[in-house]
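Each reported figure results from applying straightforward, stated rules to the coordinates on display, with no laboratory input. All of these numbers come straight from a predicted model, not from anything done at the bench. Here the Cβ positions follow ideal geometry from the backbone for every residue, glycine too, while neighbour counts run over all protein chains shown.
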Amino acid sequence: MITSAVPVIAITDSTRSEDYYCRVLGFQKMFAYRPDPTKTDPCYLGIARDGVSLHLHSFKPERAGMTDTFLWVDDVDLLHDEVSSRGATIQLPPTDQTWGTRETGVRDPDGNVLVFAKRQADPT
């Protein structure tokens with residue numbers, strides 16, 4: 001059965017994206033595959049944070065900016081404060097949603113959106 005998923009996000013510039021995702025969002029580079037090691041792009045890059053992996057690729061730059069990724073977190077406000085203090089582009093400040101989550105949204109340099117969310121306690 002399915003045990004996990006890895007979002008694959010299209011980017012245009014692997015160096016710029018690696019810097020943003022690692023320095024600003026706190027991910028770590030796990031691997032980078034470049035068919036031509038003398039060129040920065042195209043690149044297929046794996047990053048991870050807190051046991052969650054994302055893959056970034058610049059093989060189809062025309063698709064950059066078209067991806068939304070949803071990630072569950074323990075503390076939306078803490079993550080928001082951490083990444084915004086390092087210059088993240090905040091699309092949505094921490095917000096309680098009517099569907100029962102607290103969310104914050106971040107845009108990467110290409111316009112891809114990452115939504116970090118936590119389920120709210122039932123208001124019983």
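Between helix 76-85 and the chain there is an angle of about 40 degrees, using the helix long axis and the longest principal axis of the Cα atoms. Residue by residue, region 34-41 carries 3J(HN,Hα) couplings of 10, x, 10, x, 8, 10, 5, 10 Hz when phi is fed to the Karplus relation 6.51 cos²θ - 1.76 cosθ + 1.60 (θ = phi - 60°); x denotes Gly or Pro. Annotation: extensible slack from Arg86 through Thr3 equals 26.6 nm (criterion: 0.36 nm per residue apart, minus Cα-Cα distance).
Only beta bridges with both residues in the chain are counted; by DSSP, about 75 percent of them are antiparallel.
Distance distribution note for the chain: the fraction of Cα pairs above 26 angstrom is 23%. Applying 1/(1 + (r/R0)^6) with r as the Cβ-Cβ distance of Asp36 and Trp99 and R0 = 35 angstrom yields a FRET efficiency of 0.20. Taking each residue as 0.36 nm, the span from Ala121 to Arg16 lengthens on full extension beyond its C-alpha to C-alpha distance by 34.0 nm.
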